[in-house]
Each structure stands twice: as structure tokens, then as C-alpha cells.
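Colleague: I have a structure I would like to understand better, so I am pasting it below and will then ask my questions one at a time.
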Amino acid sequence: MSKNELHYLTATEITTLYTQKKLSPVEVTEAYLNRIEAMNDDLGAYITVDYAGAREAAKLAEDAYVLDRVHSPLTGVPIGLKDIIHIKDMRTTSGSRVTADYVADEDSTIVERLRAAGAVILGKLNLSEFAIGGTIDHPFGTPRNPWNTRHATGGSSSGSAVAVAAGLCAVALGSDTGGSIRGPASFCGIAGIRP
């Protein structure tokens, strides 16, 4: 498989190939970062990309595989997070100009758990303002449906659905009170789970 096709793999396929030493987390993370760089301006999935943090996490995950110290199926899996989830020292915009400069002083519980599991957090994903849904003009660029950029993505976890459908991350986290994961997932042709 060429580096240009890595984004087609599922998270399970990625970790299987890591275990078989046929792929490395550093290689996969770079492929995703390159794809984000090439496509995000047109698709508007990410508000913030954490290049340095993702590369550091990928190196730690790669070391875990080399040393046979993998303890989680998420180790080395590239993940995007909806931009209402706090990551220490990274801004959390909540998709609004009102909170555009807010920087979290600690990781949220889900980020702590993802880091402990060895996941590679690529960055923060676009959303409807304050995750309410219905935003027409997104302050950080309107997410575009990767199958047809003139079509809607749904909301509020629009960036999460776009990122997965376009291969800009293997897995994305969103939030869903009234269809905010399920709607964008269906609009973008992927599966969305609301536990």
C-alpha cells in the first residue's frame, strides 16, 4: 500500500499493520498530516492542527510497538477531536468568535484517557457554533461535504464527519444531544455512534 492510500485504512487495520510491523505510527501520522495540509483549506474540517503534538505522540506510540509495550487498541491511531473538547495549552474555540482565544489550562478527561491509551491527537475539528447546530457561516471556515463541496455536512459535529469521510483522521470524536453526530455522519456517508 502506498503512503497516498493509508487514509483508506480503518483504525483496526492500522493497528493490525502496526502489530505486524508493516506500518509505523510515525509513517501513518505523517500521511494524515500531509493529507490535512493538502485538503483542509477546501474542506474546513480542522480549526487547529497540532503538528508537533501529533508527531511527538506518534513517536511515543512507535516506541511502544518496537518495545512490545502496547496496552491499548488506540495506540498510534490518529484521532481528531471536536473543538469543544479541552486540550491543555491549545485553544478551544467552540466554533465561535466569542471564545476564539480561549486556551484550556488542563486536558479534559477524554483527552487524558486518549493520551494514556497512546492515541495520536491530530487537532481540533470544526463545528456549529457552541455545538448547537444550524450555523450557516462558521467563523473558522464552513465545513464542506467531501463528496460534493456544494452539499451540506449537517451539524453540529460537521468537522468530525468531514474529517473521517475525507480520510483526514482514522477516528473522530464529536458530541450529540439531538443528532449532532448522527446527522453529519449520515450526510457524509460514514457511521456515527452516539453511546
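Colleague: Just to confirm a number: summing +1 for Lys and Arg and -1 for Asp and Glu over residues other than residue 174 whose beta-carbon lies under 14 angstrom from that of residue 174, what do you get?
Modeller: Local net charge: +2.
Colleague: Sticking with this one: Within 10 Å, count the other beta carbons around each residue, average over each peptide in 53-65, 116-128, and list them highest first.
Modeller: Most protected by this proxy first, the peptides run 116-128, 53-65.
Colleague: Just subtract the alpha-carbon distance of residue 108 and residue 194 from 0.36 nm times their residue separation and send over the number in nm, one decimal.
Modeller: Extending this stretch completely gives an extra 29.1 nm.
Colleague: Between residue 180 and residues 5 or more places away or on another chain, which pairs have amide H atoms under 5 Å apart, with H built 1.01 Å from N, and which residues are they?
Modeller: 156
Colleague: Can you give the net charge of the other residues whose Cβ lies under 9 Å from the Cβ of residue 124, counting K and R as +1 and D and E as -1?
Modeller: 0
Colleague: Once the piece of chain linking residue 142 and residue 177 is laid out straight, how much longer is it, given 0.36 nm per residue of separation minus the C-alpha distance between them?
Modeller: In short, 10.5 nm is gained.
Colleague: Hey, which aspartates and glutamates would be in cross-link range of residue 59, C-alpha to C-alpha under 12 Å, not counting anything within fewer than 8 residues on its own chain?
Modeller: Reachable aspartates and glutamates: 27, 30.
Colleague: Rounded, prolate or oblate: pick one for region 70-195, where a ≥ b ≥ c are the square roots of the eigenvalues of its C-alpha gyration tensor, a/c under 1.5 means rounded, and failing that, prolate if a/b is larger than b/c, else oblate.
Modeller: Here region 70-195 falls in the oblate category.
Colleague: Calculate one ³J(HN,Hα) per residue across region 13-22 by plugging θ = phi - 60° into the Karplus curve 6.51 cos²θ - 1.76 cosθ + 1.60, and present them in order as whole Hz with x for glycine and proline.
Modeller: Calculated HN-Hα couplings, in order: 4, 4, 5, 4, 5, 4, 4, 7, 6, 9 Hz.
Colleague: Name the shape class, rounded, prolate or oblate, that the alpha-carbon gyration tensor gives for region 35-125, where a ≥ b ≥ c are the square roots of its eigenvalues, rounded holds for a/c under 1.5, and otherwise prolate holds if a/b is larger than b/c and oblate otherwise.
Modeller: Oblate shape, in that a/c is at least 1.5 and b/c is the bigger or equal ratio.
Colleague: Once ligands and nucleic acids are excluded and a 1.4 Å probe is used, how much of residue 105 is accessible, expressed in Å² to the nearest 10?
Modeller: 120
Colleague: Which residues does the label zone of residue 99 cover in region 151-168, counting backbone N under 14 Å from a point 7 Å along Cα→Cβ?
Modeller: 157
The values are calculated or read from the model by the stated rules, or taken from the named source; none is laboratory data. The structure displayed is predicted, hence computed values, not measured ones. Positions of Cβ are backbone-derived with ideal geometry, glycine not excepted, and every protein chain shown enters the neighbour counts. The accessibility values were calculated without ligands, DNA or RNA, using every heavy atom of the protein model including side chains. Shrake-Rupley method; radii C 1.70, N 1.55, O 1.52, S 1.80 Å.
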